[in-house]
1. Through the Karplus equation 6.51 cos²θ - 1.76 cosθ + 1.60, θ set to phi - 60°, convert the phi angles of the stretch 14-26 into ³J(HN,Hα) values in whole Hz; use x for Gly and Pro.
2. Where the convex hull is taken over the Cα atoms of the stretch 1-62, what is its projected area averaged over directions, in nm²?
3. Could you check the spin-label model distance between A38 and A125? Points 7 Å from the Cα along Cα→Cβ, value in nm.
4. Between the DSSP loop rule and a limit of at most 16 other Cβ atoms within 10 Å, which GluC sites (Glu not before Pro) in the stretch 7-66 are left?
5. Roughly how much of L120 is accessible, in Å² to the nearest 10, using a 1.4 Å probe?
Amino acid sequence: MRERRTPQAARQDREFESFVAGAGGRLLHTATLLTAEAPEDNPRARHLLTLALAHTYASWDRLRGEDPYDRTRRYLATRFAHGAWHRYGVLGMRRRARGHPASALAVLTPQERLILVLRLYEGVAEEQAASLLGLPVERVHAICDRATATLLHPPRSPAPAAAEAKPAAS
């Protein structure tokens, strides 16, 4: 038997669908940047976004004037941090997460990626990012600067092998 929906529940469903239609693309892009996957092949980003949207939907009637985009972005960031913590041991370790080889963000640690995406792509203030991640503001500033420098001046690749060197003239 089909469940009857109250008018309020139907209205909430329509509001949530409108929210996802308007913000879903940007949130997916944010998740894709966090996971450093290719935009056309991003299963981890899609899973991360699905979890964040499910969380937002479950609390939709309790938002009480709170911006649903901010709520979803916060959950996306904390879920990514939580997953990176469990996958790699520590969020800020120099260990690199597996990203798409062509992704510029793949050279960053999960913590650097998270802070860089929040600060530069999402425009979150340092104070808000620090509060969200439980870090001092100065630490967020330093990590963002380091990540930016890494992207602007990537580490040099190893020197070519001796076999590739030019043969000596006789």
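The values are calculated or read from the model by the stated rules, or taken from the named source; none is laboratory data. Since the model is a prediction, treat every value here as computed from it, not as a measurement. Cβ placement follows ideal geometry from the backbone for every residue including glycine, while neighbour counts extend to all protein chains displayed. Please note that ligands, DNA and RNA were not included when accessible areas were found on the heavy atoms of the full protein model with its side chains. Shrake-Rupley method; radii C 1.70, N 1.55, O 1.52, S 1.80 Å.
1. Per-residue couplings from phi come out as 5, 4, 5, 4, 5, 4, 5, 4, x, 10, x, x, 5 Hz.
2. 5.4 nm²
3. Once both label points are built, they end up 4.0 nm from each other.
4. Within the stretch 7-66, the qualifying GluC sites (Glu not before Pro) (loop, at most 16 other Cβ atoms within 10 Å) are E40, E66.
5. That residue has around 110 Å² of solvent-accessible surface.
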